[in-house]
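See structure below.
Read-outs throughout are calculated quantities, based only on the coordinates presented, and are distinct from any laboratory measurement. Just so you know, these numbers come straight off a predicted model, no measurement behind them. FYI the Cβ positions are ideal-geometry reconstructions off the backbone, even for glycines, and counts take in every protein chain you see.
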Amino acid sequence: MLELLLKINNLKRIPRTGWFFCSMGPGETEDVAQHIFEVTAMALLLSRGLDVNREKLLKLALVHDWPEAVVGDFCYTALPFLGGKEVKNRMEDRAIQSLLEKERDLIELWREYRDNNSLEAKLVHFCDYLSILVEAIVQAERGNRSPGLKQLCENVFKDLDPYLELFPQFEPLVTEIKRRLPL
């Protein structure tokens with residue numbers, strides 16, 4: 001158990017690398033653990049009134065980026081060079097198995113998130129995207145107006161579209177986020 005805890009502890013020192021393409025240096029970026037916390041908090045708050053299993057939802061949110069504890073964070077710009085999302089998924093699947101070898105239930109939860117095949121997984125994906133946009137607001141309000149940040153936000157808003165069809169009640173939140181982003 002201690003070895004597992006030490007590996008998970010790595011998440012506090014692994015930066016979210018996509019922010020580097022938004023003209024942000026290492027000291028300015030969030031780490032993976034901070035991102036996981038924010039996604040989990042969002043999932044908890046946004047799940048109110050939804051017909052979801054909140055315990056499962058929170059577990060999915062907590063483990064969604066755990067493979068990064070052993071393989072690091074690969075940003076969206078790296079996917080074509082990795083051979084596509086399928087290669088990244090296989091690598092992360094091996095990583096989560098290595099990390100959680102005796103925790104089969106958590107491995108299966110992570111796979112459920114990866115495969116996006118439940119309402120809970122879809123809500124965590126939605127929160128994952130929202131987390132990027134909330135961080136983008138913070139960075140923009142600190143003066144970051146980089147083309148990379150603008151491009152990232154445009155891509156994330158496109159990625160949100162299918163989730164807004166599933167969760168239309170969050171359209172006002174997304175509209176407010178768009179309004180707050182001074183890009």
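If you rank MET42, MET91 by fewest surrounding Cβ atoms within 10 Å, what's the result? Present the calculation step by step, with values, prior to reporting the outcome.
On the way: MET42 21, MET91 16.
Final ranking by Cβ density, sparse to dense: MET91, MET42.
Which whole-angstrom value gives the distance between the alpha carbon centres of segment 37-108 and segment 122-183?
First find each Cα centre; the distance between them is then 19 Å.
Testing the spin-label approximation: label points 7 Å from Cα along Cα→Cβ at PHE157 and ARG48. State their distance in nm.
Spacing of the two 7 Å Cα→Cβ label points: 2.7 nm.
For the chain, give the magnitude of the charge dipole about the Cα centre (Cβ charges: +1 Lys/Arg, -1 Asp/Glu; no others), in debye to the nearest 20.
Numbers: 24 positive and 29 negative charges, 63 e Å.
With only Lys, Arg, Asp and Glu charged at Cβ, the dipole is about 300 debye.
Viscosity 0.890 mPa s, temperature 25 °C: Stokes-Einstein D of the chain from its Kirkwood Cα radius, in µm² per second?
144 µm²/s
Taking only Cα atoms of segment 43-91, what ratio of Rg to Rh do you get with Rh as the Kirkwood inverse-distance radius?
For segment 43-91, the value is 1.13.
Which pairs break 30 Å Cα to Cα here: LYS7/LYS85; LYS7/LYS158; LYS7/LYS56?
Cα-Cα > 30 Å for LYS7/LYS158; rest within.
Give the order of CYS127, CYS75 when sorted by the count of other beta carbons within 10 angstrom, beginning with the fewest.
Ranking CYS127, CYS75 by Cβ neighbours within 10 Å, fewest first, gives CYS75, CYS127.
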